[in-house]
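Quick notes on the structure that follows.
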Amino acid sequence: METFIQWSVIALWVFVIVQFVVIYLLTKLVADFINKLQAKEKEPSVDNWIGSRAPVLIDNSPSGTSIDFTEMKSHSTLVLFTAEGCPICQQIIPHLEKVKLRFPQLKLLVVYSGKLTHETQNQDDIQYIDSTISFSMYQIDAMPSAVLIDKKGIILAKEAVPTIHYLLALLEKHVPIEADTSEFIPASLSTNLGENKASKIAPQPYS
């Protein structure tokens, strides 16, 4: 009889301990779930990005070269995020030199991951950066996307750009035009430069 009571007490304690463990694990799971929901709610929206400090760009080289936009004191910077196999990116990249002619005071950076299919060796005024981590740092969800950063490293605009004239119209809102380069831009691209609507081709989702 005493042995039965002892085993009953042991079984009861085991049951109580198991209950505590289960309650602890459930509490931890619920807390983690709530924390994830709160973190998701705090993710910067496009509006929250505007006026915030631009994250440092870090390339994929072994040295991990970085670009700190707070040090770009002499000019504003356009960062264009592109992706391999993005048809809109392939349409826009060849015309970036024309963007540079139209806005000579603007520094142009093209961020990509992997490789670019467009030939870039003749675009000396444009810097190309292979930086996978920057896509997540800037929360890029569509290709191509443009981020305009002022001389103090503050983000002025962050948008997906479906066409070259959409990009030009975006820049005209924030950057003074210092050169009349309509002659350098094909008629098919120079028409309706002020039109701020997406073309029939929507920006490609980034994953």
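Would you mind putting 105-111, 24-30 in packing order, based on average other-beta-carbon counts within 10 Å, highest first?
By packing density, highest mean first, the sequence is 105-111, 24-30.
Go through the stretch 5-11 residue by residue and turn each phi into a ³J(HN,Hα) via Karplus (6.51, -1.76, 1.60, θ = phi - 60°); whole Hz please, and just put x for glycine and proline.
Once rounded to whole Hz, the list reads 5, 4, 5, 5, 5, 4, 4.
Order of 11-17, 97-103 by packing, highest average Cβ count within 10 Å first?
The densest-packed peptide leads the list: 97-103, 11-17.
Since every read-out is calculated from the coordinates, none of them should be taken as a lab result. Quick caveat: nothing in here was measured; it's all calculated off a predicted structure. Reconstructed Cβ throughout: ideal geometry from the backbone, glycine too, with neighbour counts over all protein chains shown.
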